[in-house]
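Engineer: The following block contains the structure, expressed as structure tokens.
The values are calculated or read from the model by the stated rules, or taken from the named source; none is laboratory data. Because the structure is predicted, anything quoted here is derived from the model rather than measured. Cβ: placed from backbone, ideal geometry, glycine included. Neighbour counts: every protein chain shown. Accessible surface areas use protein heavy atoms only, side chains included; no ligands, DNA or RNA. Shrake-Rupley method; radii C 1.70, N 1.55, O 1.52, S 1.80 Å.
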Amino acid sequence: MNELTPIIKLGNPILRQKAAAVENIQSQEIQNLIDELITSVSQANGVGIAAPQIASSYRLFIVASRPNARYPHAPEMQPTAMINPRIIAHSSEMLKDWEGCLSVPDIRGLVPRYQTVEVEYTDRYGNLQKQQLTDFIARIFQHEYDHLEGLVFLDRVENNHDLISEEEYQKSVMGNG
């Protein structure tokens with residue numbers, strides 16, 4: 001597994017499919033997929049990646065928040081595989097913030113998301129996990145969860161004026177201009 005699997009881009013029909021549940025978490029295929037996703041998200045300067053983004057239509061994603069060039073203020077956390085995830089509760093408060101996507105390069109959108117989500121998922125060892133996620137981590141979870149439902153962040157943007165190029169985002173929003 002030296003050659004990194006390419007991240008598919010908007011227009012690929014896999015991104016618009018509802019992903020299949022993972023049946024055998026301990027299978028070599030799924031364990032390899034988890035490792036591949038962790039490597040991909042790190043090399044692409046992402047904070048999360050879903051299996052459909054590398055053309056594997058499974059209900060599996062990685063949340064891997066850490067400061068990087070695309071998200072310099074991201075909180076630090078270990079890359080976490082979330083298998084067959086579910087949102088079981090959410091706050092009434094929604095916050096709009098900028099999102100990008102490795103499958104929708106060079107564009108950011110102002111996306112409303114729940115500030116807090118209570119989630120369940122199975123970890124890579126087969127253990128059921130239940131967590132309350134807030135703010136940026138909750139946003140990553142919801143963004144990646146959308147990929148499992150065949151959605152991308154553009155589907156959640158409320159109007160076209162809430163879209164910006166990555167270059168303008170870096171200049172104006174991040175103050176790197």
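Engineer: Which numbered condition trips up residue 93, out of (1) at pLDDT 95 or above; (2) among the charged types (D, E, K, R); (3) surrounded by 15 or more Cβ atoms within 10 Å (Cβ to Cβ)?
Structural biologist: Exception for residue 93: condition (3).
Engineer: Just to be sure I understand, how many residues within region 115-130 are open to solvent by less than 70 Å² (accessible area, probe 1.4 Å) and either modelled with pLDDT under 95 or not β-branched (Val, Ile, Thr) (or both)?
Structural biologist: Count: 8.
Engineer: Across region 101-110, what is the number of residues that are open to solvent by 10 Å² or more (accessible area, probe 1.4 Å) and within 13 Å of residue 168 (Cβ to Cβ)?
Structural biologist: Residues flagged as open to solvent by 10 Å² or more (accessible area, probe 1.4 Å) and within 13 Å of residue 168 (Cβ to Cβ) within region 101-110 amount to 3.
Engineer: Tell me which residues, restricted to region 107-126, are within 16 Å of residue 136 (Cβ to Cβ), polar (S, T, N, Q) and part of a strand (DSSP E or B).
Structural biologist: Selection gives 116 alone.
Engineer: One residue is enough: does region 52-70 have a residue meeting the conditions of a type outside the set (S, T, N, Q), surrounded by fewer than 15 Cβ atoms within 10 Å (Cβ to Cβ) and free of Cβ contacts under 8 Å to residues at least 40 places away in the same chain?
Structural biologist: For region 52-70, residues of a type outside the set (S, T, N, Q), surrounded by fewer than 15 Cβ atoms within 10 Å (Cβ to Cβ) and free of Cβ contacts under 8 Å to residues at least 40 places away in the same chain: present.
Engineer: So which residues in region 31-40 are among the hydrophobic types (A, V, I, L, M, F, W, C) and either closer than 15 Å to residue 146 by Cα or in contact (Cβ under 8 Å) with a residue 60 or more places away in the chain (or both)?
Structural biologist: 34
Engineer: Also: Are any of the residues in region 133-148 under 17 Å from residue 47 (Cβ atoms), open to solvent by 60 Å² or more (accessible area, probe 1.4 Å) and among the polar types (S, T, N, Q)?
Structural biologist: yes
Engineer: Something else about it: Restricting the search to region 1-41, which residues are of a type in the set (A, V, I, L, M), touching a strand residue (DSSP E or B) at 6+ places or on another chain (Cβ under 8 Å) and open to solvent by less than 30 Å² (accessible area, probe 1.4 Å)?
Structural biologist: Scanning region 1-41 gives 19, 22, 25, 30, 33, 34, 37, 41.
Engineer: On to the next question. Find all pairs meeting these conditions: Cβ atoms under 7 angstrom apart; at least six residues apart or on different chains; first residue within region 163-177 and part of a loop (DSSP other than H, G, I, E, B); second residue at pLDDT 85 or above and open to solvent by 60 Å² or more (accessible area, probe 1.4 Å).
Structural biologist: 177/171
Engineer: Looking at 44, 81, 74, which is the one that is under 18 Å from residue 102 (Cα atoms), surrounded by 13 or more Cβ atoms within 10 Å (Cβ to Cβ) and at pLDDT 95 or above?
Structural biologist: Testing whether each residue is under 18 Å from residue 102 (Cα atoms), surrounded by 13 or more Cβ atoms within 10 Å (Cβ to Cβ) and at pLDDT 95 or above leaves just 81.
Engineer: Sticking with this one: For region 131-142, indicate whether the set of residues that are on the phi < 0 side of the Ramachandran plot, without any contact (Cβ under 8 Å) to a residue 40 or more places away in the chain, over 16 Å from the mean Cα position of the chain (by Cα) and assigned to a strand (DSSP E or B) is non-empty.
Structural biologist: yes
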